[in-house]
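The values are calculated or read from the model by the stated rules, or taken from the named source; none is laboratory data. Nothing here was measured: the structure is a model prediction, and the numbers come from that model. Cβ: placed from backbone, ideal geometry, glycine included. Neighbour counts: every protein chain shown. Accessible surface is based on the protein model in full, side chains and every heavy atom, while ligands, DNA and RNA are left aside. Shrake-Rupley method; radii C 1.70, N 1.55, O 1.52, S 1.80 Å.
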Amino acid sequence: MRKLIDQFGREVNYLRLSVTDRCNLSCFYCRSDPGSCGIEPVEGSLRAEDYLKIGQVAAELGVYRIRLTGGEPLLHPGLTEIVGGLASLRGVKDLSLTTNGILLEKMAAGLAKAGLNRVNISLDSLDESRFRQITNGGKLASTLEGIDRSLDVGLRPVKINMVLLKGINDHEIEKFVRLTLDRELDIRFIEYMPVGGQHSRWSKYFISLDKVLEIAETVGPLSIVEGDHGGGPARYVRLEGAAGKLGLISPLSRHFCDRCNRLRVTADGKIKPCLFSNEELDLRPYLDQPEQMKNVFLKALQQKPDPGRSATNSLERMKQFEGMRPMINIGG
Ligand code: SF4
């Protein structure tokens, strides 16, 4: 099996593939212009078959984990076809998706049947009005039904992503922690990242994940959960006797660049070596030339940044975020 190893010895085996910039929610920290909650197709978006061509090339190069992202991937009219195509690729062992869950209740069964293995669901509040405020109008019940349906149809693991925001949802940490006591859910807390030039409001919302551990310890004894957990950056702990576990994703206070295993492709066909840099290469001219597309992948691989240069304290790390693309145009 071929392996993609970058100049710093990191094995890259994970591709995040954004299939759309469109979204049916408008989370204030994701979109720099919350007003433009659009569902119109974005100029230059790839076709369903293009994602399969990119997936094929990535798999031949040694990628075996593919995550579908967005915007909101469930809005893509050809999503089930894309899932079916990627799941059938030789070498792809782990096919997952990140979603806001609003449409998941209806689509989970079909996606699981098409070959989807697991799902991450963004959920920043368990309070109906707070959820509506954060998402600019979203319905909490829809996402909760999507979580239940994902568990029912056997998608595993089901992971919940909560972006921790000071003064917005940090008072809900205990509620989220307690979700793991009797539900087989991985509740992950994610530090707020000022992607897309949001440096000015970073200090207003950033809160270190140490707060999560502090509160979790008041709920019960914690133990570290070892393992690679799907190749993601989260550190996991579990409350004594809990069905689920807690994950901590801290790109600022404890970066994980030394074990970065991913490349990203945006919905308009650009490959990005790193989430936080402006570097990107265009794959579109090579969609029908797989060998040339492989060369672009290898070029992106060699442009992955030196992990030794990633700052180890939050404020300095925040200043290293050069990427100007909003998160919705990258896919997280
Ligand atoms: S910041 Fe860049 S190098 Fe570091 S983990 Fe994220 S994508 Fe990888």
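Rundown of residues vs (1) without any contact (Cβ under 8 Å) to a residue 60 or more places away in the chain; (2) open to solvent by less than 30 Å² (accessible area, probe 1.4 Å); (3) of a type in the set (D, E, K, R), yes/no style:
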position: 106; (1), (2), (3): yes, no, yes
position: 141; (1), (2), (3): yes, no, no
position: 158; (1), (2), (3): yes, yes, no
position: 162; (1), (2), (3): yes, yes, no
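For the stretch 272-291, does any single residue satisfy the condition of being in contact with a helix residue (DSSP H, G or I) (Cβ under 7 Å, 6 or more places away or on another chain) and under 23 Å from residue 171 (Cβ atoms)?
no
Out of 86, 97, report the one residue that is open to solvent by less than 40 Å² (accessible area, probe 1.4 Å), over 30 Å from residue 238 (Cβ atoms) and not in a loop (DSSP other than H, G, I, E, B).
Numbers: 97 fails: over 30 Å from residue 238 (Cβ atoms).
Answer to the check: 86.
Give the number of residues within the stretch 277-295 that are open to solvent by 60 Å² or more (accessible area, probe 1.4 Å) and away from the ligand (no atom under 16 Å from the Cβ).
9
Can residue 326 be described as under 25 Å from residue 208 (Cβ atoms), out of contact with any Phe, Trp or Tyr (no Cβ under 7 Å at 6 or more places or on another chain) and either within 13 Å of the ligand (Cβ to nearest atom) or open to solvent by less than 60 Å² (accessible area, probe 1.4 Å) (or both)?
yes
Yes/no matrix, rows are residues, columns are (1) over 16 Å from residue 251 (Cα atoms); (2) charged (D, E, K, R):
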residue	(1), (2)
276	no, no
291	yes, yes
319	no, yes
323	no, no
329	yes, no
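Determine which member of the set 121, 147 is surrounded by 16 or more Cβ atoms within 10 Å (Cβ to Cβ) and assigned to a strand (DSSP E or B).
That would be 121, the only listed residue that is surrounded by 16 or more Cβ atoms within 10 Å (Cβ to Cβ) and assigned to a strand (DSSP E or B).
For the stretch 177-255, give me every one of the strands (runs of 3 or more DSSP E) that falls completely inside it and has 1 or more residues that are touching a helix residue (DSSP H, G or I) at 6+ places or on another chain (Cβ under 7 Å), within 16 Å of the ligand (Cβ to nearest atom) and open to solvent by less than 70 Å² (accessible area, probe 1.4 Å).
It comes to 245-249.
Using beta carbons and a limit of 7 Å, which pairs, at least six apart or on different chains, have the first residue in the stretch 214-234 and among the polar types (S, T, N, Q) and the second one surrounded by 15 or more Cβ atoms within 10 Å (Cβ to Cβ)?
Correct list of pairs: 223/237; 223/238.
State whether one or more residues within the stretch 12-26 are among the small types (Gly, Ala, Ser) and modelled with pLDDT of 95 or more.
Taking every residue of the stretch 12-26 in turn, at least one turns out to be among the small types (Gly, Ala, Ser) and modelled with pLDDT of 95 or more.
Within the stretch 256-269, how many residues turn out to be in contact (Cβ under 8 Å) with a residue 40 or more places away in the chain, within 15 Å of the ligand (Cβ to nearest atom), outside any strand (DSSP E or B) and of a type outside the set (D, E, K, R)?
Of the residues in that region, 4 qualify.
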